[in-house]
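Here's the structure we're looking at; comments come further down.
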Amino acid sequence: MGDTRRTLKLLPTAIAAGLAFLAVQVLRAAHRNDLPSFPNQDPSGTFGDPMLPRLRIVALGDSSITSPGIEDLDDTWIRRTARGFTDRFQVELIAVAVGGSKARDVVEGQLDEAVSLKPDISIVSVGANDAIRATTPAGYRADLERIVRGLEDAGSVVVLMGVGDLGSIPRLPPTLRPILTRRAASFNDQAETIAARTSTTVKINVSGRISTAFWDDPGLFGPDQFHAGPRGHAVFAEEILPAVRAALAIARSRRSF
């Protein structure tokens, strides 16, 4: 009994040490000198006929929004998605995302600004940095719940990206890939649970083609072998657009455009 108690007491310390080791290894991989690094960008813009009704989309999150390495911002999945509605709306896309953000960073540094913008639809793409660093799934879930609740209270319909299969990232050491595949799945489960609890949040399916395509074709990654390249963003846009369409249908059912 005494040995069991000691083991249980040491378990949180062992878990923390394991997460810290994982974070260190990922950060080392992210700063490899043999591969390029790129600055974050702002994909915000207004698209479509100004005579059409206005649709405001606000994007919160990490570098999946800021799209490092994409030369033409029109190739980014977030702009491709916004342009998918210009047949009916003038779309105002405002990105408040910051590369490298975890969910807690979105709560503390992006949420208030997003709420003040009064979005019709909010797209939240955050969680990868939580999964590759020392955040616990429970901690991620608590922060993501605060984000969703804040946006919904502001009258926005929310689209959640969740976390795709991070094990496909070529820049990472092969020994870390299975670990990050499991970590990513557990974090994505948290996002799925949150979305299932409310009728005004739509969850993107990242367990299908968004995950498998990057394993099948590493060329979907950019030159830094960490972020998606233009072809990868095209895959994202194709798979994400249906979720945003569903969010728009919810928004239109609540008020006229």
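Coordinate-derived values only; no laboratory data. Computed from a prediction, not measured in an experiment: that's the story for all the values here. Methodologically, a virtual Cβ is constructed for each residue, glycine included, from the backbone with ideal geometry; neighbour enumeration extends over all protein chains shown.
Mean separation of Cα pairs under 8 Å and 6 or more residues apart, divided by the residue count, gives the stretch 39-254 a relative contact order of 21 percent. When exposed loop sites are taken as trypsin sites (Lys or Arg not before Pro) in a DSSP loop with at most 10 other Cβ atoms within 10 Å, the longest stretch of the chain clear of them is 1-196.
The relative contact order of the stretch 151-233 comes to 33 percent, based on Cα pairs under 8 Å that sit 6 or more residues apart.
Near residue 59, the amide H atoms lying under 5 Å from its own belong to 94, 95, 96, 123; only residues 5 or more places off or on other chains count, and H is placed 1.01 Å from N. In a fully extended conformation the segment linking residue 189 and residue 88 would gain 33.0 nm over its present Cα-Cα distance, using 0.36 nm per residue. Within the chain, the whole DSSP H helices whose Cα atoms reach 18 Å or more along their own axis and whose mean Kyte-Doolittle score is at least -0.5 are 2-30, 177-196, 230-254. Only one of the values (1) 42; (2) 36; (3) 39 was calculated from this structure for percent of Cα pairs over 26 Å apart; name its label. Only one option fits the structure, namely (3). Available extension along the chain between residue 133 and residue 152 is 4.1 nm, counting 0.36 nm per residue and deducting the alpha carbon span.
In debye, nearest 20, what is the charge dipole magnitude of the chain about its Cα centre with +1 on Lys and Arg Cβ and -1 on Asp and Glu Cβ, if you could check? Kindly include the intermediate steps, with their values, before the conclusion.
On the way: 30 positive and 29 negative charges, 167 e Å.
The dipole magnitude comes to about 800 debye.
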